[in-house]
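Engineer: Shown below is the structure under consideration.
Taken together, the values in this text are just the output of simple stated rules run on the coordinates, not laboratory data. Since the model is a prediction, treat every value here as computed from it, not as a measurement. Cβ: placed from backbone, ideal geometry, glycine included. Neighbour counts: every protein chain shown.
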Amino acid sequence: MSHFVQDSAAPGRGDAALSIEDLTVEFRTPEGTLRAVDGVSYEVGRGEVLGVVGESGSGKSVTAMSVLGLLPMPPARVRSGRIMFEGEDLLRVGRRRLREIRGGRIAMVFQDPMTALNPVFRVGDQLGEAIRKHNPDFSRSDARRRAIDLLEMVGIPFPAQRYRQYPHQYSGGMRQRVMIAMAIANKPSVLIADEPTTALDVTIQAQVLDVLKLAKEETGAATILISHDLGLIAEMADRVAVMYAGRLVESAAVRDLFAQPRHPYTQGLIKSVPSLSAEIQALTPIEGQPPDLMHPPSGCRFHPRCALRQGRSVCATDQPPFEQIATGRWSACHFHEEMTGVDGGVREREVDNAGSGGGGVT
Amino acid sequence: MEGLTKHFPMGHGEFVHAVDDVSLSVSAGETLGLVGETGSGKSTVGRTILRLYEPTAGKIFFLGQEISQLKDRALFPIRRQMQMVFQDPYASLNPRMTVREIIAEPLEVHGLFHEEGGGRRVDELLEIVGLNSEHAKRYPHEFSGGQRQRVGIARALALRPRLLVLDEPVSALDVSIQAQIVNLLEQLQDEFNLAYLFIAHDLAVIRHICDRVAVMYLGQIVETGTRDEVYRETAHPYTQALLSAVPIPEPELRDERARIVLQGDLPSPIHPPSGCRFRTRCWKADERCAVEEPRIVTPLGTHGAACHYAESRDMLARP
């Protein structure tokens, strides 16, 4: 590990528009305290798309919601960390300041646009309101003009007529376009998109992704794209951070990550997805079940399901540090150096391990 | 099934044309994929085959017998042999029943519990789906999504069916668990020579598991063929657009693939477009498409597309 200069503590390019440092978030539940995010650090640079991948319970959305103070507190509680944006720590600014930033300098697009739009107000008025809130000098007609321009930009047909309609008169794809229009209305410098196309059909998803790309070009915003869909991440992201059970396990440039994952979880995810075009082979699932965050596994949280571990005890006892392993690459695996081949070396090892995997159900 | 049609009344003499004139067949040991987007009618097809919905028109044959008109009593023994696995195993399992009760229920309803070996049969079913008898006394909420889907599959297999209708069986599951369930379904099919009607919107999963594929759009089949025909010699413009729009986990191809981005949204199934239903979003459409409904013709073999201007194209070719 001496071939490169350790350039930063958090994965990023070093020109962060937003940086999350050592964030830990807990939820208090009747059964006890659940640590949903555990020491997560990442950065996103101007004009960059950072993809954050993870399955349910990985903490990817909780991390993003912390940025805008959107977590319900209680039960949520930020235990430690900083979220630095334009010289301020967003975890320590007042509510009023956060409201100014939210929807202004930092905007968010959610999975389900129906819950984010108010059903009893016209779409155009909601968009106009969002514009005027952050531009008090705009007159109503200025805001209206800008709203119609935005609707047109995101590809809403007949924007002047559509301006007067209510959310239920829009299809799911159109509502998501409105959310994007609203998010970019005030030229944010950071855009957070949490599963922005998950609720949409493939052909509509393609339309919305085009709008999202356009929005990024228009604003130059640093974009955090949160998704469980590896295809979407491969298509959109410049850099990727992979989360598992509340922790970051790997981060790399998108091509490096897919070509040569350096964490067994990332590799397991990639191999779990059937291909649309390659020769059909049996899928290699990740065995076992997702971890119960009330009782997370000791040491490396992935160790009970890991194909690389091979019974080594250190995985169950010591939490692997999330550390830089090459220029632009981070991994949290004691044995990442064993993952060097194109296939990462795990497939060969699995042969020795055959039979021990089973259904993995306890 | 032949010419299956299902319209839902909307009042005021209007109908949702959920499924219109759909013909399909699936054999023992075979998987037929039914793929389409929201509102394509793919789930309605699955439910109508099982007679959970009454067909408006058309015929359904099961093991050579026409079942489309059978009354409840005559249908009862046939229902045993056709089972369904749902998308959301949490919503489809009774939360107040233990896993043992959930799996035993179909056996009891059909009066076969003792004949099939009672509790031993339940343990056997649990083992078949990768669970064990320890799980039998637990309740659905104690399981993860993947385990619940295993319970749903065990229940569906309890009556030794010949056909499983699988309606989005993996789409609610995390990626790492999806692969487990897909592998389980493949293994069960080999073991019991099951026929699968696999309904899904995920084109990669459909390709992985299916022998033949039918693509639906607005209540009709627009393309059908073997897996390779549909995926590599794609003939219908809608299927072409669909395949080109799927993001694939290979970043080096991101700006290299042919992409067709369709305009607009799905038209209303209450007043579907005249002629070809896809014409309002199709770049090839002309006057003929508005007046003349294209039919699927399969002069040789199995591959057909309902398009006046069908042309085979490999949307997944590498540049």
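Engineer: Give the distance, in whole Å, between the Cα centre of the range A:139-194 and the Cα centre of the range B:52-121.
Structural biologist: Rounded to whole Å, the Cα centres lie 48 Å apart.
Engineer: Continuing with the same structure: Once you have a ≥ b ≥ c as the square roots of the Cα gyration tensor eigenvalues for the range B:1-125, tell me rounded if a/c is under 1.5, and otherwise prolate or oblate according to whether a/b is larger than b/c.
Structural biologist: Working: a/c = 2.00, a/b = 1.68, b/c = 1.19.
Prolate is the answer for the range B:1-125, as a/c is 1.5 or above and a/b outweighs b/c.
Engineer: Still on this structure, please answer the following. Once you've got the GNM for chain A with C-alpha springs shorter than 10 Å, pick whichever of A:Val120, A:Val40, A:Val211 has the biggest mean-square fluctuation.
Structural biologist: A:Val120
Engineer: Label points 7 Å out from Cα along the Cβ direction at B:Ala317 and B:Thr98: separation in nm?
Structural biologist: Taking the simple label geometry, B:Ala317 and B:Thr98 are separated by 6.1 nm.
Engineer: What full-extension length gain, to one decimal in nm, is calculated for B:His110 and B:Tyr139 as 0.36 nm per residue of separation minus the Cα-Cα distance?
Structural biologist: 8.1 nm
Engineer: May I ask which residue of A:Leu308, A:Pro321, A:Ile280 lies farthest towards the positive end of the charge dipole of the range A:247-352, with charges of +1 (Lys, Arg) and -1 (Asp, Glu) on Cβ and the Cα centre as origin?
Structural biologist: A:Pro321
Engineer: Looking at the range A:145-180, which trypsin sites (Lys or Arg not before Pro) are in a loop (DSSP not H, G, I, E or B) and have at most 16 other Cβ atoms within 10 Å?
Structural biologist: A:Arg164
Engineer: Out of residues 5 or more away from B:Leu34 or on other chains, whose amide H comes under 5 Å of its own, with H placed 1.01 Å from N in the peptide plane?
Structural biologist: B:Phe198, B:Ile199, B:Ala200, B:Ala214
Engineer: In nanometres, what is the gap between the two model label sites at A:Ser171 and B:Asp286, each 7 Å from Cα along Cα-to-Cβ?
Structural biologist: 2.6
Engineer: Here is a follow-up. Label the range A:247-352 by shape, choosing from rounded, prolate and oblate, from the square roots a ≥ b ≥ c of the eigenvalues of the Cα gyration tensor; if a/c is under 1.5 it is rounded, and otherwise prolate applies when a/b is larger than b/c, oblate when it is not. Walk me through the numbers on the way to the answer.
Structural biologist: On the way: a/c = 1.62, a/b = 1.23, b/c = 1.32.
Since a/c reaches 1.5 but b/c is at least a/b, the shape of the range A:247-352 is classed as oblate.
Engineer: What full-extension length gain, to one decimal in nm, is calculated for B:Arg160 and B:Leu52 as 0.36 nm per residue of separation minus the Cα-Cα distance?
Structural biologist: Working: separation 108, 0.36 × 108 = 38.88 nm, distance 1.93 nm.
Fully extending the segment from B:Arg160 to B:Leu52 adds 37.0 nm.
Engineer: What do you get for trypsin sites (Lys or Arg not before Pro) in the range B:42-89 restricted to DSSP loop and a cutoff of at most 15 other Cβ within 10 Å of the site's Cβ? Numbers along the way, then the final one.
Structural biologist: On the way: sites: B:Lys42, B:Arg47, B:Arg51, B:Lys59, B:Lys71, B:Arg73, B:Arg79, B:Arg80; in loops: B:Arg51, B:Lys71, B:Arg80.
Hits after loop and neighbour filter: B:Lys71.
Engineer: Based on DSSP loop calls and a cut-off of at most 10 other Cβ atoms within 10 Å, the longest stretch of chain B free of exposed GluC sites (Glu not before Pro) is what? Before the final figure, lay out the partial values.
Structural biologist: On the way: sites that count: B:Glu115, B:Glu256.
Longest run free of exposed loop sites: B:116-255.
Engineer: Using 0.36 nm per residue of separation minus the Cα-Cα distance, give me the extension gain between A:Glu337 and A:Arg92 in nm, one decimal. Could you put the intermediate results ahead of the total?
Structural biologist: Details: separation 245, 0.36 × 245 = 88.20 nm, distance 3.90 nm.
Stretched out fully, the A:Glu337 to A:Arg92 stretch lengthens by 84.3 nm.
Engineer: Going 7 Å from the Cα of B:Arg295 along its beta-carbon direction, which residues of the range B:18-43 have the amide nitrogen within less than 20 Å of the resulting point?
Structural biologist: B:19-25
Engineer: Along the charge dipole of chain B, Cβ charges K/R +1 and D/E -1, which of B:Phe61, B:Gly304, B:Val215 sits furthest on the positive end?
Structural biologist: Farthest towards the positive end: B:Phe61.
Engineer: Another one. Relative to the Cα centre, what is the charge dipole magnitude of the protein assembly as shown, using +1 at the beta carbon of each Lys and Arg, -1 at the beta carbon of each Asp and Glu, and rounding to the nearest 20 debye? Please report the intermediate quantities before stating the final value.
Structural biologist: Values: 76 positive and 86 negative charges, 381 e Å.
Computed about the Cα centre, the dipole is about 1840 debye.
Engineer: At what distance in nm do the modelled label points of A:Ala160 and B:Glu2 sit from each other, each positioned 7 Å from its Cα along Cα→Cβ?
Structural biologist: Placing both labels 7 Å beyond Cα along the Cβ direction yields 5.6 nm.
Engineer: Note down the magnitude of the dipole of the range A:247-352 about its Cα centre, charges +1 on Lys and Arg C-beta and -1 on Asp and Glu C-beta and zero elsewhere, to the nearest 20 debye. It would help to have the intermediate numbers written out before the result.
Structural biologist: Numbers: 11 positive and 13 negative charges, 40 e Å.
So the dipole magnitude of the range A:247-352 works out to roughly 200 debye.
Engineer: Go through A:Ala36, A:Ala206, A:Ile83 and say which Cα lies farthest out towards the positive end of the charge dipole of the range A:16-244; charges sit on Cβ, +1 for Lys and Arg, -1 for Asp and Glu.
Structural biologist: Result: A:Ile83.
Engineer: I would also like to ask the following. What order do you get for A:Ser251, A:Ser331, A:Ser313 when you list them from fewest to most C-beta neighbours inside 10 Å? Spell out each step's value before the answer.
Structural biologist: Values: A:Ser251 31, A:Ser331 27, A:Ser313 10.
Sorted ascending by nearby Cβ count, the order is A:Ser313, A:Ser331, A:Ser251.
Engineer: Let a ≥ b ≥ c be the square roots of the eigenvalues of the Cα gyration tensor of the protein assembly as shown; is it rounded (a/c under 1.5), or, if not, prolate (a/b larger than b/c) or oblate? Provide the component values of the computation, followed by the final result.
Structural biologist: Values: a/c = 1.69, a/b = 1.17, b/c = 1.44.
Oblate shape, in that a/c is at least 1.5 and b/c is the bigger or equal ratio.
Engineer: May I ask you to list the lysines whose Cα is less than 30 Å away from that of B:Lys59, ignoring any residue fewer than eight positions away on the same chain?
Structural biologist: B:Lys6, B:Lys42, B:Lys71
Engineer: Also, I was wondering about something else. What residue among A:Lys187, A:Lys216, A:Lys133 has the largest mean-square fluctuation in a Gaussian network model of chain A, using Cα springs under 10 Å?
Structural biologist: The residue that fluctuates most here is A:Lys133.
Engineer: About the Cα centre of chain A, what is the dipole size in debye to 20, counting +1 per Lys and Arg Cβ and -1 per Asp and Glu Cβ, all else neutral? Can you show the working numbers first?
Structural biologist: Working: 41 positive and 43 negative charges, 296 e Å.
I would put it at about 1420 debye.
Engineer: May I ask for the longest run of chain A untouched by GluC sites (Glu not before Pro) that are loop-located per DSSP and have at most 14 neighbouring C-beta atoms (other than their own) within 10 Å? Before the final figure, lay out each step's value.
Structural biologist: On the way: sites that count: A:Glu31, A:Glu86, A:Glu279.
Answer from the scan: A:87-278.
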